[in-house]
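Data first, discussion second: the structure below is written as structure tokens.
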Amino acid sequence: MNIGIKICATARIIYQHLHKSFLDLDITPEQWIVLNALCKSPKISQKELSELTQKDQNTIKAIVDKLVLKDLVIRKTNQNDKRAFILSPTKKAKELALICTKIDNIMLDKILSVFKDENELDYFINKLDNIQKSIENERN
């Protein structure tokens, strides 16, 4: 199996496990990424949220639309720019975030358990960063 397939397969397995863990909470891993970022940085614009989560603005808009319908996000018009919105998590979102964080931390513990020590983890993260930068530089 080549490394590209292995990376994608690992990411897919992690995603599928989180998806299954979040099913009863009526939230997807993608929605969790956005909601988590919003809970950590409330009262930000969709553009800022897009940058924070490294997702394109159309994807953020679609996810935020769903989170608004689920009463997890409040979208208000920005007083300084009527074309922009300020996003804030609801009380329900903050409560959900506590539960999702626990699930997320369990997954993180499983991932981290394969590393012998912090040096091995740092090396792995550095290599992932290098791969990402290399591909991004080629794209630009």
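The values are calculated or read from the model by the stated rules, or taken from the named source; none is laboratory data. Small disclaimer: the values here were computed from a predicted structure and weren't measured. Because the Cβ atoms are built from the backbone with ideal geometry, glycine has one as well, and the counts that use them run over all protein chains shown.
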Return yes when ALA97 is among the aliphatic types (A, V, I, L, M) and either under 12 Å from ILE27 (Cβ atoms) or touching a Pro at 6+ places or on another chain (Cβ under 7 Å) (or both) and no when it is not.
yes
Specify the residue that is nearest to the chain's Cα centre (by Cα); the eligible residues are those in the range 94-121 that are of a type outside the set (A, V, I, L, M) and closer than 23 Å to GLY4 by Cβ.
LYS110
Taking the range 8-32 and keeping only residues that are assigned to a loop (DSSP other than H, G, I, E, B) and in contact (Cβ under 8 Å) with a residue 24 or more places away in the chain, one is left with ASP26, ILE27
Please work out which one of (1) within 14 Å of SER41 (Cα to Cα); (2) part of a helix (DSSP H, G or I) is the condition LYS102 fails and give its number.
(1)
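So, in the range 33-63, exactly how many residues are without any contact (Cβ under 8 Å) to a residue 40 or more places away in the chain, in a helix (DSSP H, G or I) and either crowded, with 16+ Cβ neighbours inside 10 Å or of a type outside the set (S, T, N, Q) (or both)?
15
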With respect to LYS102, determine if the residue is at pLDDT 95 or above and either surrounded by 11 or more Cβ atoms within 10 Å (Cβ to Cβ) or not small (Gly, Ala, Ser) (or both).
yes
Listed by first then second residue, the pairs whose first member lies in the range 121-134 and is free of Cβ contacts under 8 Å to residues at least 12 places away in the same chain, whose partner is outside any helix (DSSP H, G or I) and surrounded by 10 or more Cβ atoms within 10 Å (Cβ to Cβ), with beta carbons under 7 Å and at least 6 positions apart or on separate chains, are LEU121/PHE115; PHE124/PHE115
The one condition ILE5 fails out of (1) more than 23 Å from LYS110 (Cα to Cα); (2) assigned to a helix (DSSP H, G or I) is (1)
Taking the stated definitions as given, is LYS66 of a type in the set (Lys, Arg), within 14 Å of THR28 (Cβ to Cβ) and part of a helix (DSSP H, G or I)?
yes
Residues of the range 115-140 satisfying the condition of being surrounded by 10 or more Cβ atoms within 10 Å (Cβ to Cβ) and either charged (D, E, K, R) or in a loop (DSSP other than H, G, I, E, B) (or both):
PHE115, GLU120, ASP122, LYS127, ASP129, LYS133
